[in-house]
Amino acid sequence: MRGVVLAGTGSGVGKTVATLAVLRALNDADYEPQPAKAGPDFIDPSHHEAVVDRVSRSLDPWLAGAAGTRRTYHRGSGDVCVVEGMMGLYDGTVCSTARVAATLELPVVLVVDASAGMEGVGATALGFAEYTAEAGIDIDVCGVIAQRAHGGRHESGIRGALPDGIDYLGRVPPDDDLSIPDRHLGLELGTESPVDSEALDRAAETIHVEQVVGLAREPPRAGESTDRAGTVESGADSSEATPSNAASSNAASSDSRPRVVVADDPAHCFCYPSTRERLREVADVEPVSFLADDPLPPCDGVYLPGGYPELYAAELSEAAILDELAARAADGLPVLGECGGLMTLAESLTTADGDTVEMSGVLPADVEMEDRYQALDHVELTATDRTLTAGTGETLRGHEFHYSTADVASDARFAFSVDRGEGITGDADGLTEHQTLGTYAHVHPESGAFDTFCERL
């Protein structure tokens with residue numbers, strides 16, 4: 001599957017809408033587009049999925065390693081993959097859009113805000129293309145999509161300003177109907193606020209889709225590299241940044257498969273497609289809605305992904321399944337919660353409006369929402385003891401982004417020391433009680449964490 005990366009000059013330039021326009025244009029031209037997102041984001045992929053009805057892949061070499069990133073890419077289907085970048089092309093310390101493009105050896109199309117310029121678009125594109133040498137990253141910036149650009153003289157001026165070797169690939173017209181509402185963790189989800197379909201149709205008409213397809217390249221698989229012409233070379237070292245307990249490719253035999261309940265509702269919606277797929281490979285998975293107050297079925301373990309428990313605090317607090325979960329956890333049922341899942345496992349949750357409600361009470365912490373984000377970074381954790389997702393001394397790489405703080409009990413026990421990031425206390429993450437583990441960090445299945453979780457059941 002060939003692919004191309006759509007990178008921005010910075011955050012807020014309109015990468016998501018440009019990506020949606022390209023996806024719609026590919027659909028309209030009878031291609032089968034596969035969406036993907038550079039970095040650890042859960043929200044932008046929901047908008048991709050709303051447009052093409054296909055899960056969007058999260059591509060992050062810090063979380064998954066180079067080989068894992070390539071494996072994740074090739075789990076996609078379709079004939080052209082469109083990878084939406086994160087922040088600006090070069091922004092990010094341990095992971096950036098440029099690093100993702102280099103790992104996958106994909107060409108880069110720059111999304112530039114052209115609302116107040118023409119020649120400036122060309123200068124910006126040239127600067128971003130030549131900065132590759134300064135950044136020490138081997139990527140090819142070979143095209144531009146002009147965001148918020150009019151047609152006619154404006155479009156002609158932009159096209160004429162681009163330097164040789166950087167193609168003009170179309171524009172996204174200024175249109176208020178293309179806006180996406182946002183809130184504290186970013187954009188609203190695609191299931192809540194999809195982009196207006198007619199406005200997206202208009203934007204897709206101004207994308208030069210065949211030129212985009214002509215630039216796309218086939219990335220290498222794990223253990224391979226390609227030259228710029230797309231020729232595959234075997235034996236390349238793709239082990240860079242592979243976590244210490246990376247996932248095995250082996251699936252569990254049918255007679256040894258545990259049964260895992262996965263919370264699946266708007267309060268627990270931040271779950272990578274690769275995580276669900278890996279869990280299904282090694283376990284029997286049963287999705288359960290905590291918001292619908294489904295009963296907790298017989299199971300060997302429970303996984304609560306992140307999401308927005310703070311938006312559904314009152315509903316969660318009244319759900320009988322929280323009492324069932326608390327009782328089962330106290331009896332030793334293994335439970336894993338990430339970020340929003342940690343909040344659900346806490347004793348209480350105080351919302352941004354100051355309302356405090358009881359949660360499941362499995363973990364000794366009171367969680368409170370704050371006005372500003374408390375952590376936003378890639379993280380690295382080292383297990384200080386044997387825990388649900390790692391063995392003693394093993395490292396896990398993940399990502400944290402949250403507006404809440406957790407006030408933990410004075411005798412609280414933690415499973416991880418924090419080598420990079422904030423965790424729960426600044427020095428520790430992985431609050432532990434019974435056989436329950438709650439972290440602020442989200443991890444990718446290529447880390448091996450979910451394999452270890454299922455092995456512990």
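The values are calculated or read from the model by the stated rules, or taken from the named source; none is laboratory data. The structure presented is a predicted model; accordingly, all values stated were derived computationally and were not measured. For neighbour counting, all protein chains shown are included, and Cβ atoms are generated from backbone atoms with ideal geometry for every residue, glycine included.
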Spot the failing condition for residue 137; the list is (1) assigned to a loop (DSSP other than H, G, I, E, B); (2) touching a residue at least 60 places away in the same chain (Cβ under 8 Å), and only one is missed. (2)
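Looking at this structure, is residue 333 modelled with pLDDT of 95 or more, out of contact with any strand residue (DSSP E or B) (no Cβ under 6 Å at 6 or more places or on another chain), within 22 Å of residue 450 (Cα to Cα) and aliphatic (A, V, I, L, M)? Working first, answer last.
Numbers: modelled with pLDDT of 95 or more: yes; out of contact with any strand residue (DSSP E or B) (no Cβ under 6 Å at 6 or more places or on another chain): yes; within 22 Å of residue 450 (Cα to Cα): yes; aliphatic (A, V, I, L, M): yes.
When the stated conditions are applied, residue 333 passes them.
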How many residues does region 161-205 contain that are within 24 Å of residue 117 (Cα to Cα), free of Cβ contacts under 8 Å to residues at least 40 places away in the same chain and part of a helix (DSSP H, G or I)? 4
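Only one of 311, 322, 396 is touching a residue at least 24 places away in the same chain (Cβ under 8 Å) and surrounded by 24 or more Cβ atoms within 10 Å (Cβ to Cβ). Can you tell me which? Show your work before the answer.
On the way: 311 fails: surrounded by 24 or more Cβ atoms within 10 Å (Cβ to Cβ); 322 fails: surrounded by 24 or more Cβ atoms within 10 Å (Cβ to Cβ).
Being touching a residue at least 24 places away in the same chain (Cβ under 8 Å) and surrounded by 24 or more Cβ atoms within 10 Å (Cβ to Cβ) holds for just one of 311, 322, 396, which is 396.
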Being buried (at least 19 other Cβ atoms within 10 Å of the Cβ) and small (Gly, Ala, Ser): is that true of residue 409 here? no
Within region 30-67, which residues are of a type in the set (Gly, Ala, Ser) and closer than 15 Å to residue 81 by Cβ? 36, 38, 56, 58
Given the conditions (1) at pLDDT below 95; (2) of a type outside the set (D, E, K, R); (3) assigned to a loop (DSSP other than H, G, I, E, B), and given that residue 225 satisfies all but one, which numbered condition is not satisfied? (3)
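Step by step: first the residues of region 418-441, then only those that are among the small types (Gly, Ala, Ser) and buried (at least 16 other Cβ atoms within 10 Å of the Cβ), then the one that is farthest from the chain's Cα centre (by Cα). Which residue is that?
First, the residues of region 418-441 that are among the small types (Gly, Ala, Ser): 421, 423, 426, 428, 430, 438, 441.
Pick out the ones that are also buried (at least 16 other Cβ atoms within 10 Å of the Cβ) and you get 421, 423, 428, 430, 438, 441.
Values: 421: 17, 423: 18, 428: 23, 430: 21, 438: 19, 441: 13 Å.
Per the criteria, the residue is 428.
Could you grab me the full set of residues in region 172-202 that are basic (Lys, Arg) and under 26 Å from the mean Cα position of the chain (by Cα)?
Residues of region 172-202 basic (Lys, Arg): 183, 202.
Once the filter is applied, which keeps residues that are basic (Lys, Arg) and under 26 Å from the mean Cα position of the chain (by Cα), region 172-202 yields only 183.
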Keeping to region 30-45, report how many residues are modelled with pLDDT of 95 or more and of a type in the set (Phe, Trp, Tyr). 1
Looking only at region 137-182, and only at residues there that are modelled with pLDDT under 95 and touching a Leu at 6+ places or on another chain (Cβ under 9 Å), the one that is farthest from residue 23 (Cα to Cα): 181
Qualifying positions in region 370-386 - at pLDDT 95 or above and surrounded by 20 or more Cβ atoms within 10 Å (Cβ to Cβ): 378, 379, 381, 383
Sort out which residues of region 391-425 are closer than 24 Å to residue 356 by Cβ, in contact with a strand residue (DSSP E or B) (Cβ under 9 Å, 6 or more places away or on another chain), part of a loop (DSSP other than H, G, I, E, B) and not polar (S, T, N, Q), and write them in order of number. 403, 409, 412, 422, 423, 424
Restricting the search to region 89-134, which residues are in contact with a helix residue (DSSP H, G or I) (Cβ under 6 Å, 6 or more places away or on another chain), in a helix (DSSP H, G or I) and farther than 22 Å from residue 220 by Cβ? 119, 121, 122
Residue among 94, 109 that alone is aliphatic (A, V, I, L, M), crowded, with 18+ Cβ neighbours inside 10 Å and in contact (Cβ under 8 Å) with a residue 12 or more places away in the chain: 109
Out of (1) assigned to a helix (DSSP H, G or I); (2) touching a strand residue (DSSP E or B) at 6+ places or on another chain (Cβ under 6 Å); (3) over 20 Å from residue 91 (Cβ atoms), what's the single condition that is false for residue 157? (2)
